[in-house]
Amino acid sequence: MQPVFIVAAKASGARELAHILNGNGVACLTAAFDIDNRYDYALGQFLRKANVGAAEFIASPDQVLDDYLSHCATLVRAERFSFELRHHSIHLFNGRAWQFGEQPHLVSYLRQRQFCVVHFHRRNLFEHSVRLQMPQTAGGGETPAVNLDIRRCERDLKLLERTSNLMAG
């Protein structure tokens with residue numbers, strides 16, 4: 001089994017990559033770690049069907065991840081597949097012992113298992129934080145005016161920078 005993890009923030013192009021991969025025969029499981037995802041490959045669905053409780057999840061996250069990845073490989077019937085993993089989901093496997101600023105357990109797990117990780121991040125974080133506030137336009141129409149929330153830009157910049165550093169560290 002050789003999963004590839006595509007770690008990305010919003011508006012980074014990861015969804016477009018997922019569509020390209022899916023269109024070319026490589027299964028890309030989008031939003032697999034998002035709690036609201038109802039597809040069979042979603043982590044939440046796996047935990048419910050496998051009857052994995054919070055205590056077991058916290059006590060042995062590596063075993064749960066191993067079982068989950070095997071489940072996904074069986075679902076897609078492929079040795080190679082990928083996951084789109086959003087920044088807000090990378091802390092799911094930390095349990096209660098995680099300290100702010102500490103590298104997420106999932107990053108350590110991926111490195112230990114030597115799984116491939118592609119980290120999408122923007123070179124210009126300020127531009128990225130501004131784009132997050134802009135309304136989406138359908139069909140490439142003209143973008144309506146927007147009132148920029150500078151405090152939100154600051155928060156987004158700090159979060160994006162911190163997450164990028166955690167993934168790289």
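The values are calculated or read from the model by the stated rules, or taken from the named source; none is laboratory data. For clarity, every value in this text was computed on a predicted model and none was experimentally measured. When we count neighbours, we look across all protein chains shown, and the Cβ atoms used for this are built from the backbone with ideal geometry, even at glycine.
Checking Asp36, Asp40 one by one, the residue that is within 30 Å of Cys153 (Cα to Cα) and part of a loop (DSSP other than H, G, I, E, B) is Asp36 and no other. Being of a type in the set (Asp, Glu), assigned by TED's automatic domain parsing to the domain that holds Val7, out of contact with any Phe, Trp or Tyr (no Cβ under 8 Å at 6 or more places or on another chain) and at pLDDT below 80 holds for only one residue in Glu102, Glu84, and it is Glu102. Among the residues of segment 130-169, how many are part of a loop (DSSP other than H, G, I, E, B), surrounded by 10 or more Cβ atoms within 10 Å (Cβ to Cβ) and modelled with pLDDT of 65 or more? Of the residues in that region, 4 qualify. Total residues in segment 28-81 satisfying the condition of being modelled with pLDDT under 90 and among the hydroxyl-bearing types (Ser, Thr, Tyr): the figure is 2. Selection over segment 8-20 of residues that are buried (at least 20 other Cβ atoms within 10 Å of the Cβ) and at pLDDT 80 or above gives a count of 1.
Residue count for segment 46-66 satisfying the condition of being surrounded by 15 or more Cβ atoms within 10 Å (Cβ to Cβ) and closer than 17 Å to Gln112 by Cβ: 3. Sub-8 Å Cβ pairs linking a first residue in segment 24-39 that is closer than 12 Å to Arg80 by Cα to a second residue that is among the hydroxyl-bearing types (Ser, Thr, Tyr), at least 6 apart or interchain, are Val26/Ser82; Ala27/Ser82; Cys28/Ser82; Leu29/Tyr39; Leu29/Tyr41; Leu29/Ser82, ordered by first then second residue.
The number of residues in segment 105-129 being part of a loop (DSSP other than H, G, I, E, B) and either modelled with pLDDT under 70 or at negative phi (or both) comes to 6. Under the condition of being of a type in the set (A, V, I, L, M, F, W, C) and part of a loop (DSSP other than H, G, I, E, B), the residues counted in segment 1-33 number 8.
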